[in-house]
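Undergrad: After the structure tokens below, expect a handful of questions from me.
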Amino acid sequence: MLKVWGRVNSINVQKVLWALEELKVPYERTDAGMAFGVVNEPFYKKMNPNSRVPTIDDDGFILWESNAVVRYLAAKHGAGALYPSDPRQRADSDRWMDWASNHGGPVITPVFWALIRTPADQRNMAQITADAEKIGPQFQVLEQGLDGKDYVAGKSFTMGDIIVGVNVYRWYALDVKRPALPRVEAYYKRLQQRPAFQKHIMKPLT
Ligand SMILES: N[C@@H](CCC(=O)N[C@@H](CS)C(=O)NCC(=O)O)C(=O)O
């Protein structure tokens with residue numbers, strides 16, 4: 001059976017769990033990372049020398065880098081659906097995966113760490129407010145991208161929605177000011193209808 005290493009409160013692990021749930025692929029998961037340790041053990045470093053999560057073992061095929069894992073799983077189990085067969089729709093889905101990892105996600109990370117993983121008495125609220133203000137302009141790009149679309153690559157849910165969706169959830173789950181972005185809000189509501197999103201993503205941030 002496919003094995004996944006990684007703690008469930010990791011955004012990168014969540015992408016993989018969400019994809020597996022959408023694809024209805026059975027798996028075994030082992031906690032690893034942060035308080036769980038494991039990532040610095042020799043057997044783990046042999047699989048993933050980055051000492052990061054997630055890592056998967058699919059019948060001896062070891063893969064890390066969460067977006068690559070989601071692409072692999074989508075290609076293997078979701079061809080023509082999660083992994084679009086039309087090259088342009090696939091490129092569109094891919095583009096939004098890269099956008100989320102290079103633009104949408106990185107502006108959320110400092111705010112997430114400051115509000116969720118920093119004790120209240122050590123938080124620099126002025127810095128958090130300034131950092132939170134950088135998120136809206138990035139998500140304005142998604143707002144434009146969703147014009148005329150239900151999902152990032154068109155009418156159907158694809159792998160790109162997983163990488164964008166985990167970041168959308170984090171932004172809305174953080175106690176920060178957000179500009180009104182009607183298409184992003186409607187998209188977020190659409191994602192919330194998905195049982196796999198409810199199960200793996202809609203959890204308190206820790
Ligand atoms: N680009 C990598 C990043 C992996 C990464 O940084 N994972 C974080 C968790 S989100 C991690 O392993 N942190 C250290 C830990 O959990 O011990 C990916 O997408 O898989």
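Undergrad: For L63, indicate whether it is within 14 Å of the ligand (Cβ to nearest atom) and over 17 Å from F197 (Cα atoms).
TA: For L63, the condition - within 14 Å of the ligand (Cβ to nearest atom) and over 17 Å from F197 (Cα atoms) - is met.
Undergrad: Checking the conditions here, which among Y151, Y187 is in contact with an Asp or Glu (Cβ under 6 Å, 6 or more places away or on another chain) and crowded, with 20+ Cβ neighbours inside 10 Å?
TA: The match here is Y151.
Undergrad: Then there's this: Run down D161, D121, D150 and say which single residue is within 30 Å of N48 (Cα to Cα) and among the acidic types (D, E).
TA: Answer to the selection: D161.
Undergrad: Select from segment 45-58 the residues that are under 13 Å from V4 (Cβ atoms) and outside any strand (DSSP E or B) and write down the one among them that is nearest to the ligand (Cβ to nearest atom).
TA: That would be V53.
Undergrad: Quick check on A74: is it under 29 Å from V184 (Cα atoms), touching a Phe, Trp or Tyr at 6+ places or on another chain (Cβ under 6 Å) and away from the ligand (no atom under 13 Å from the Cβ)?
TA: yes
Undergrad: May I ask you to verify whether R88 is outside any strand (DSSP E or B), within 16 Å of the ligand (Cβ to nearest atom) and basic (K, R)?
TA: The answer is no for R88.
Undergrad: Of the residues that sit in segment 1-22 and are in a loop (DSSP other than H, G, I, E, B) and out of contact with any His (no Cβ under 8 Å at 6 or more places or on another chain), which one is farthest from the ligand (Cβ to nearest atom)?
TA: M1
Readers should treat all values here as calculations from the given coordinates under stated rules, not as data from a laboratory. Everything numeric in this text was worked out from a predicted model, so none of it was measured. Neighbour counts are summed over all protein chains in view; Cβ atoms, including those assigned to glycine, are modelled from backbone coordinates with ideal geometry.
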